[in-house]
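The structure appears below as structure tokens.
None of the figures in this text is laboratory data; all of them are computed from the coordinates on show. This one's a predicted model, so the numbers in the text were calculated from it and none came from an experiment. For neighbour counting, all protein chains shown are included, and Cβ atoms are generated from backbone atoms with ideal geometry for every residue, glycine included.
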Amino acid sequence: MRLLNVIRKEKERTVKFIIKEHSNNYDRILNIGSSSTTFGQNSINLDIQKYPGIDLVADAHELPFVSESFNICVLSAVLQYCRNPFQVAKEVCRVLMPGGFAVVDAPFVQHYCLGTPDLYRFSKDGLKAVFDDHLEIVRCDVSISGGSALAFYLQGISNALTSNKYIRFILTNLVSIMVYPLSFLKFKNKHEIAGAFILLGRKRSDME
């Protein structure tokens with residue numbers, strides 16, 4: 001049973017759009033913590049658990065590839081589960097070719113995600129700090145607005161009100177319909193109340 005999606009994203013601030021903007025058909029893409037998401041025939045899907053569509057089971061803290069193997073590395077809603085985000089950033093830089101890009105989407109204002117230990121949240125400055133020792137930060141933008149973040153948080157609260165899965169499903173969907181208009185709200189200080197950020201980093205030729 002799937003809940004109504006209350007998160008609205010601008011197309012230009014999605015992982016898929018940024019990859020398309022900075023890649024070609026021959027680029028090798030490493031999709032870290034991919035689950036079943038893929039980004040084309042040259043994309044290697046890596047996850048710590050075996051799912052349908054996973055090409056390789058491995059730990060992002062110790063990527064099983066030689067240095068300078070990929071044109072693009074993707075971490076979409078993954079970094080919050082990594083016990084040492086700085087080590088993951090170091091590994092991403094290592095396997096990227098000079099001039100290659102890292103695309104990282106990470107949460108800031110969101111409720112706890114069930115199913116695996118949910119360890120961290122990242123402000124704009126925090127996400128940049130994880131990667132700026134290893135990559136040139138091209139940009140870091142809001143990927144989930146404050147309005148969507150509020151709607152998603154309220155959806156999460158309603159989902160925690162009862163243990164009865166049928167009542168929970170009906171209640172949460174009703175609340176989701178009610179709060180969905182919040183996702184259209186726009187705020188002046190967007191980075192301070194954002195739900196998530198998306199970072200684009202580039203490996204300089206002088207980086208090891």
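Please verify whether Tyr26 is in contact with a Pro (Cβ under 9 Å, 6 or more places away or on another chain) and of a type in the set (Phe, Trp, Tyr), treating the condition exactly as stated. Outline the logic, then answer.
Values: in contact with a Pro (Cβ under 9 Å, 6 or more places away or on another chain): no; of a type in the set (Phe, Trp, Tyr): yes.
The answer is no for Tyr26.
If I go through region 5-24 residue by residue, how many of them are charged (D, E, K, R), out of contact with any Phe, Trp or Tyr (no Cβ under 7 Å at 6 or more places or on another chain), under 23 Å from Leu185 (Cα atoms) and in a helix (DSSP H, G or I)?
Counting residues in region 5-24 that are charged (D, E, K, R), out of contact with any Phe, Trp or Tyr (no Cβ under 7 Å at 6 or more places or on another chain), under 23 Å from Leu185 (Cα atoms) and in a helix (DSSP H, G or I) gives 2.
Could you please let me know if Phe70 is more than 16 Å from the chain's Cα centre (by Cα) and under 21 Å from Leu199 (Cβ atoms)?
On the way: more than 16 Å from the chain's Cα centre (by Cα): yes; under 21 Å from Leu199 (Cβ atoms): yes.
Against the criterion (more than 16 Å from the chain's Cα centre (by Cα) and under 21 Å from Leu199 (Cβ atoms)), Phe70 qualifies.
One residue is enough: does region 31-48 have a residue meeting the conditions in contact with a helix residue (DSSP H, G or I) (Cβ under 8 Å, 6 or more places away or on another chain) and within 20 Å of Ile137 (Cα to Cα)? Let's see the steps before the verdict.
First, the residues of region 31-48 that are in contact with a helix residue (DSSP H, G or I) (Cβ under 8 Å, 6 or more places away or on another chain): 32-33, 39.
Subsequent filtering for residues that are within 20 Å of Ile137 (Cα to Cα) retains 32.
Looking through region 31-48, at least one residue is in contact with a helix residue (DSSP H, G or I) (Cβ under 8 Å, 6 or more places away or on another chain) and within 20 Å of Ile137 (Cα to Cα).
Residues checked against (1) of a type in the set (A, V, I, L, M); (2) crowded, with 21+ Cβ neighbours inside 10 Å; (3) free of Cβ contacts under 8 Å to residues at least 12 places away in the same chain:
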| position | (1), (2), (3) |
| --- | --- |
| Asn45 | no, yes, no |
| Gln49 | no, no, yes |
| Gly53 | no, no, no |
| Asp59 | no, no, yes |
| Glu62 | no, no, no |
| Phe70 | no, yes, no |
| Ala77 | yes, no, no |
| Cys82 | no, yes, no |
| Ala89 | yes, yes, no |
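When you look at Val104, is it within 12 Å of Arg202 (Cα to Cα) and touching a helix residue (DSSP H, G or I) at 6+ places or on another chain (Cβ under 7 Å), yes or no?
Details: within 12 Å of Arg202 (Cα to Cα): yes; touching a helix residue (DSSP H, G or I) at 6+ places or on another chain (Cβ under 7 Å): yes.
Here the answer is yes, as Val104 does meet what is asked.
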